[in-house]
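The values are calculated or read from the model by the stated rules, or taken from the named source; none is laboratory data. These numbers were taken from a predicted model, which means no experiment stands behind them. Backbone-built Cβ (ideal geometry, glycine too); neighbour counts: all protein chains shown.
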Amino acid sequence: MTDVILEKVGKTYPNGYQAIPSVDLSIEEGEFIVLVGPSGCGKSTLLRMVAGLESISTGELRIRGERMNEKEPAERDIAMVFQNYALYPHMSVYDNMAYGLKNRGIAKNLIEEKVSDVAKMLGLTELLQRKPRQLSGGQRQRVAMGRAMVRDPKVFLFDEPLSNLDAKLRVQMRVEIRQLQRKLGTTTLYVTHDQVEAMTLADRLVVLNKGKAEQIGTPMDLYNKPATPFVAAFIGSPSMNLIDATLTEQGVKISEALTLPLSHQHRGDIVWGIRPEHLEVSDEQNGDFALRIQAVESLGAETLIHGKIETESANGESMVVRLSGPHLPDVNSLMWLTAPMSHWHLFDAKTQQRL
Amino acid sequence: MTVTFPQKGLPWLLLLPQLLVTAIFFLWPAEQALEQAFYQEDAFGLSREFIGLENFIDLFTDPLYYQSMLTTLVFSFSVAIVGMSLALFLAVMADRVIRGKLAYQTLLIWPYAVAPVLAGVLWWILFDPSMGPIALWLKSAGVDWNHYLDGNQAMILVVIASTWKQISYNFLFFLAGLQAVPRSLIEAAAIDGASPFKRFWTIVFPLLSPTTFFLLVVNLVYAFFETFGVIDATTKGGPGQSTTTLVYKVFDDGFVGLDLGGSAAQSVVLMAIVGLMTVIQFRFIERKVQYS
Ligand SMILES: Nc1ncnc2c1ncn2[C@@H]1O[C@H](COP(=O)(O)OP(=O)(O)O)[C@@H](O)[C@H]1O
Ligand SMILES: [Mg+2]
């Protein structure tokens with residue numbers, strides 16, 4: 001069943017700035033949707049429109065079939081976790097979690113029961129009498145989640161909930177959020193600028209760029225078949241190698257001296273892409289091109305090699321190669337590579353669409 | 001960063017005017033009052049006699065003194081509570097305004113720039129029983145306004161006149177306090193189903209409590225010690241003793257009643273109260289409250 005529908009939803013701020021031109025999205029019940037994109041692309045704006053904290057300028061928002069545009073945040077049956085947690089500083093953990101239930105006139109013993117259930121689930125039982133300032137960052141984060149869960153809402157909204165935590169805790173909470181969401185089966189809309197977080201959490205991702213949904217799909221869809229160079233560059237780390245090229249009868253012409261053979265009916269300027277992990281080390285006979293190595297990053301489990309495609313002219317295109325295991329090639333030496341055609345990504349340079 | 005002066009004398013020279021003012025207008029009179037409190041002086045200041053604690057004993061056995069204390073408490077708390085409530089209300093309104101915010105805020109700060117005596121005279125004119133526009137309007141509305149005869153009305157008048165000026169100050173602090181409340185807390189409360197009214201009383205107001213307490217002390221100190229000009233310009237402590245606060249009584253007994261020893265003893269008591277309130281004030285300014 002479709003739970004949340006955004007139909008041509010757009011936002012123009014009172015100062016005339018159009019943050020979101022128009023977004024279409026339908027979310028299934030229990031689905032975990034991640035909105036991802038660089039800072040300032042309109043993620044929070046979109047989320048806040050769903051929450052009712054920003055008015056919807058154009059289009060319609062429906063939750064379980066009911067139009068929500070004019071409804072107050074409290075009437076939408078949603079719960080939100082804020083980036084700074086927004087815990088009430090003068091209330092205990094218990095009161096923070098109970099506040100929403102009290103406002104809805106729920107009986108005291110039922111509130112106690114619900115709060116203690118959720119506290120147990122999140123390991124907060126010992127902390128219920130503390131004030132937020134007596135908690136660590138990770139504990140505050142948990143309380144913020146507890147406050148959202150205790151009301152058992154139709155939809156969870158998260159706005160970069162992990163960005164104030166250190167790297168290790170972030171990974172731990174990420175796993176925990178995913179497990180909790182699976183267990184509760186609550187439809188979730190989650191905002192982040194971190195593509196790793198996005199890939200690991202999402203059932204489906206929405207990649208936002210300047211307020212437009214560039215692509216909506218499963219993490220693997222986006223990885224395997226990015227719709228635009230923007231998505232291609234955004235998803236995956238290190239980013240996909242993207243090179244301006246021309247498609248001719250001979251194939252993909254990267255420079256005067258280098259053309260990778262391909263038969264394709266399209267002609268003209270394109271963007272040619274291949275992920276760093278799909279390049280293979282080769283030799284002078286079999287290689288497609290050589291890379292002049294500029295820097296080597298050894299991470300133990302993998303090695304990232306940065307270099308430039310070697311051509312007669314001085315400025316070749318930059319490339320990153322990702323090899324598993326340790327490798328120690330000399331800086332400034334040449335490395336021959338093959339680029340398997342099955343891993344190529346071609347985009348029309350003008351329309352920015354996948355070919 | 002520390003600034004070092006070439007000569008040791010210059011810093012003292014620069015401080016001198018302030019030190020002189022403090023010495024001439026504060027330390028010297030304070031010392032005089034302290035001394036005077038233990039003497040009885042004739043009305044012309046020609047002779048005086050050491051009488052020990054007698055002035056204090058007289059003071060604390062005088063029912064009028066207790067009456068004045070009560071008047072001061074009623075007056076001070078009325079000024080503080082009325083002034084702060086109105087200021088908070090205005091600050092909440094101003095915090096909501098988006099267009100022309102600065103204009104409202106500037107207008108609300110003006111009263112603070114008006115000298116207390118001028119403010120007093122202004123209210124004295126407005127409420128004058130025979131020709132004051134407000135008094136006439138009240139009369140037409142069925143209220144028989146004459147603060148020269150009615151002690152309660154006189155009290156209302158001095159409270160209004162004293163509060164009016166203080167609203168600006170309170171307003172500024174409340175507005176700053178309101179703006180320091182994180183927006184996301186209000187939004188979280190809205191999602192949690194709290195009505196705007198409830199959001200204010202359960203989230204915003206508790207978070208303002210450090211500001212509220214600070215202002216309470218400041219307003220009480222103001223009403224205690226800085227309202228002489230307003231009272232003198234409007235009611236002169238009357239009718240009877242109904243608006244004679246402790247500070248006004250020092251002046252009234254000393255310069256009108258010419259009981260200099262008794263007046264000095266009252267000054268000493270007031271000095272002790274000032275000291276106490278200053279301690280309280282500093283204690284609480286130091287106490288910081290975290291918002292996150
Ligand atoms: N209240 C506002 N008025 C005008 N512009 C705003 C307002 N809030 C956000 N914006 C602008 O809208 C764009 C998107 O903001 P936001 O949704 O917060 O981005 P994100 O969460 O993706 O970083 C930004 O360019 C931001 O400057
Ligand atoms: Mg944001």
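Candidates in segment A:18-41 are the residues that are surrounded by fewer than 21 Cβ atoms within 10 Å (Cβ to Cβ) and within 15 Å of ligand 2 (Cβ to nearest atom); of these, the one that is farthest from residue A:236 (Cα to Cα) is A:19. When A:174, A:204, A:178 are checked against the criterion of being assigned by TED's automatic domain parsing to the domain that holds residue A:38 and more than 13 Å from the chain's Cα centre (by Cα), A:178 stands alone in meeting it. Annotation: residue A:151 fulfils all but one of (1) assigned to a loop (DSSP other than H, G, I, E, B); (2) of a type in the set (Lys, Arg); (3) away from chain B (no Cβ under 13 Å); the unmet one is (3). Per this entry, residue A:86 is not counted among residues that are at pLDDT below 95, within 13 Å of ligand 2 (Cβ to nearest atom) and within 14 Å of another protein chain (Cβ to nearest Cβ). Where strands (runs of 3 or more DSSP E) fall wholly inside segment A:264-355, the ranges with 1 or more residues that are more than 30 Å from residue A:214 (Cα to Cα) and touching a residue at least 12 places away in the same chain (Cβ under 8 Å) are A:289-298, A:302-309, A:318-324, A:334-338.
In segment A:26-48, the residues that are within 20 Å of residue A:78 (Cα to Cα) and in the same structural domain as residue A:84 (by TED's automatic domain parsing) reach residues that are within 10 Å of ligand 2 (Cβ to nearest atom) and of a type in the set (D, E, K, R) with C-beta atoms within less than 6 angstrom, at least six apart or across chains, in these pairs: A:35/A:43; A:44/A:159; A:47/A:159.
When the helices (runs of 4 or more DSSP H) confined to segment B:151-217 are screened for residues that are at the interface with chain A (Cβ under 9 Å from one of its Cβ atoms) and surrounded by 21 or more Cβ atoms within 10 Å (Cβ to Cβ), those reaching at least 3 such residues are found at B:183-191.
Does residue A:142 satisfy the criteria of being of a type in the set (D, E, K, R) and within 18 Å of residue A:89 (Cα to Cα)? Taking the combined requirement at face value, the residue satisfies it.
Scanning segment B:111-130 for residues that are assigned to a loop (DSSP other than H, G, I, E, B) and either in contact with a helix residue (DSSP H, G or I) (Cβ under 8 Å, 6 or more places away or on another chain) or surrounded by 15 or more Cβ atoms within 10 Å (Cβ to Cβ) (or both) yields B:114, B:115, B:127, B:128, B:129.
Among what's in segment A:151-169 and is without any contact (Cβ under 8 Å) to a residue 60 or more places away in the chain and surrounded by fewer than 22 Cβ atoms within 10 Å (Cβ to Cβ), pick the residue that is farthest from ligand 1 (Cβ to nearest atom). Here the answer is A:152. Within 16 Å of ligand 1 (Cβ to nearest atom), without any contact (Cβ under 8 Å) to a residue 40 or more places away in the chain and out of contact with any Cys (no Cβ under 7 Å at 6 or more places or on another chain): is that true of residue A:127 in this structure? Judged against the criteria, residue A:127 is not a match. Any residue at all in segment A:170-182 that is away from ligand 1 (no atom under 16 Å from the Cβ) and within 14 Å of chain B (Cβ to nearest Cβ)? No, that holds for no residue.
Listed by position, the strands (runs of 3 or more DSSP E) enclosed by segment A:1-107 that each have at least 3 residues that are more than 16 Å from ligand 1 (Cβ to nearest atom) are A:2-12, A:18-28, A:58-63.
For (1) within 19 Å of residue B:199 (Cβ to Cβ); (2) surrounded by 16 or more Cβ atoms within 10 Å (Cβ to Cβ), each residue gets a yes or a no:
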| position | (1), (2) |
| --- | --- |
| A:59 | no, yes |
| A:63 | no, yes |
| A:74 | yes, yes |
| A:98 | yes, yes |
| A:107 | no, no |
| A:112 | no, no |
| A:118 | no, yes |
| A:121 | no, yes |
| A:126 | no, no |
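If you go through segment B:54-87 and pick out every residue that is within 25 Å of residue B:205 (Cβ to Cβ) and either in a loop (DSSP other than H, G, I, E, B) or in contact with a strand residue (DSSP E or B) (Cβ under 7 Å, 6 or more places away or on another chain) (or both), you end up with 0.
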